[in-house]
1. When you go through (1) more than 16 Å from ligand 3 (Cβ to nearest atom); (2) at pLDDT 95 or above; (3) of a type in the set (S, T, N, Q) one by one for Ser480, which number turns out not to apply?
2. Of the residues that make up segment 452-474, is at least one among the polar types (S, T, N, Q), within 15 Å of ligand 1 (Cβ to nearest atom), modelled with pLDDT of 95 or more and surrounded by fewer than 22 Cβ atoms within 10 Å (Cβ to Cβ)?
3. Out of the residues in segment 379-399 that are buried (at least 21 other Cβ atoms within 10 Å of the Cβ) and either in a loop (DSSP other than H, G, I, E, B) or polar (S, T, N, Q) (or both), which is farthest from ligand 3 (Cβ to nearest atom)?
4. Which members of segment 480-530 meet the condition of being in a loop (DSSP other than H, G, I, E, B) and at positive phi?
5. Can you confirm whether Gly107 is more than 22 Å from the chain's Cα centre (by Cα), under 23 Å from Pro34 (Cβ atoms), modelled with pLDDT of 95 or more and not assigned by TED's automatic domain parsing to the domain that holds Ala503?
6. Answer with yes or no whether Arg90 is more than 16 Å from ligand 2 (Cβ to nearest atom) and either surrounded by 18 or more Cβ atoms within 10 Å (Cβ to Cβ) or at pLDDT below 95 (or both).
7. For the list (1) modelled with pLDDT under 95; (2) closer than 16 Å to Ala244 by Cβ, I need the number of the one condition that Ala195 fails.
8. Can you pull out the strands (runs of 3 or more DSSP E) entirely within segment 101-156 that have at least 2 residues that are surrounded by 23 or more Cβ atoms within 10 Å (Cβ to Cβ) and within 15 Å of ligand 2 (Cβ to nearest atom)?
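The values are calculated or read from the model by the stated rules, or taken from the named source; none is laboratory data. Computed from a predicted model, the values in this text were never measured in an experiment. Here the Cβ positions follow ideal geometry from the backbone for every residue, glycine too, while neighbour counts run over all protein chains shown.
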Amino acid sequence: MHTRRGLLVGAAAALAVPAWLRGAWAAPHGSALPIPPLAQAGASGALRLEAIDGTHTFGAGRGGRGTPTLGFSQPFLGPVLRVQRGATARIDVQNGLREAITVHWHGLHVPGEVDGGPHNEIAPGATWRPALEIDQPASTAWYHAHRHGVTGPQVYGGLAGLLIVDDPGAADAALPRRYGIDDLPLVLQDRLFTADGRMVYAARGMAAMMGMRGDRIVVNGAITPVAGVPAGLVRLRLLNACNARILHLRFEDGRAMHQVGSEGGLLPRPVARRTLTLAPAERAEVLVDFADGRAARLLSAPDGNSPMMGGMMGMRGGGMGRVGGMGGMGGMGGMGGMGMFAEPEPVAADGAFEVMRFAVEPALAAAVRTLPQRLAQAAPAPRLGEPVRRRRFVLDTHGMMGGGMMGGGMMGGMGRGGMGTMAMSINGRPFDMARIDLAARRGETELWEVRASDMAHPFHVHGTSFQVLTLNGRPVDFESTGWKDTVLVDGTAELLVRFSRGAGEHAPYMFHCHILEHEDAGMMGQFTVA
Ligand code: C2O
Ligand code: CU
Ligand code: CU
């Protein structure tokens, strides 16, 4: 480490990857972490987004050439929107594409008519002007396309961005807050590229079943980049914006991620984690200490979530079975010609791969060096009271594979291309724009019991944040998990849900699996709040 550190000091404040760093891990890629532009709602609250076609370069190697993408006001992804509690954000969303879109504010507690779900369609060339009254704790939310049936390809193409809610009345001075320096937005995605560098979306057959996954990890639009950070505490706003991949994050050197926030706001106190699982759409704010001056590498263990392996069973059983299983599937993907089941190149014995790197920049002064004991701005513990009713949701991938998953039937089915009639469902019913699945009432607390039997599904509810009561019968500690809007269900989860905003029949709220290929295939329902 001494030699490395000496070299590090020599690398000074260069934002490009120092040559030594590339050599240190002998990896072929890694450009500087792009920091998305910040779009702050001014006094008028006005913000603007334009959905456009673009050409984007993801990095060296595959993805090193420009490839067609989608973005908001830039070629790939969008700016980080910053809105304030107590203010009204007026966002002009212009659709410069030749296809219709919707733009959903994932995590915002706003009424159905401005929520941006499948009913809030924006025709090509049209502009949608929602006024969002922000009234919720400081948190890291996001926005993304949500038109029914094409959410997967549109988000994959790049129609997504981070959205930060600030609470000016309760600023938390104990947390790093210099955007792009010690407060880093990290939009984590995986993408698949052809040999000639074109980004591809191929969600048919197995990829529809498993969800679209790629073998390159992309952070803020760059393949496995490196971030220059000060030698102190750095706040990472992590968003899993993958279509389907569940990330199992850890630092290679074992350093802690002190989680300070979940989807719906800050936790009462930091919780030290060595590993952090983030399913699609989940967010976490963590503090990482780089005071030792050492470079560090963030890894993820592979995603074994598959109906063929009994959900995440392989994961629980430890590395071997699962990594072996994925290897075998990689081979099958190869047979299919797309390599669509290949995991990113492993760098650890358990198959873990690189997500990104951090290199300390001596020229950046550390502003925060001490981990706060408590977080003044923490979202208050729920006082939701006794639920007035229990509702049950069973998430099902059936209907597309006909139960013939094991053995030769799968490959035969794929070969014949016989899975064009897939219909995934909740409570046996695939999503229907014309059917309201349930009606809730404002201010009433409900207990939602969500069951996923065949594989793990990230279950998301629009319009509110909820509390996870139990996972597989075991109580979940609110102090360490906080307010959430998406929860990975691998078995059964019980959620305490309450709505403060309304949603009518013409723009109802959604509940759905956030594996976007499952959502597009019908694993979604809609509800009103009166
Ligand atoms: Cu992030 Cu209904 O979605
Ligand atoms: Cu949402
Ligand atoms: Cu799912």
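1. (2)
2. Yes.
3. For segment 379-399, the residue satisfying everything is Ala379.
4. Quick first cut of segment 480-530, residues in a loop (DSSP other than H, G, I, E, B) only: 482-483, 485, 498-502, 504-508, 514-515, 521-523, 530.
Gly482, Gly522 - these are the residues of segment 480-530 that are in a loop (DSSP other than H, G, I, E, B) and at positive phi.
5. Considered against the rule, which asks whether it is more than 22 Å from the chain's Cα centre (by Cα), under 23 Å from Pro34 (Cβ atoms), modelled with pLDDT of 95 or more and not assigned by TED's automatic domain parsing to the domain that holds Ala503, Gly107 comes out as no.
6. Numbers: more than 16 Å from ligand 2 (Cβ to nearest atom): yes; either surrounded by 18 or more Cβ atoms within 10 Å (Cβ to Cβ) or at pLDDT below 95 (or both): no.
For Arg90, the condition - more than 16 Å from ligand 2 (Cβ to nearest atom) and either surrounded by 18 or more Cβ atoms within 10 Å (Cβ to Cβ) or at pLDDT below 95 (or both) - is not met.
7. Failed condition: (2).
8. 103-106, 139-145
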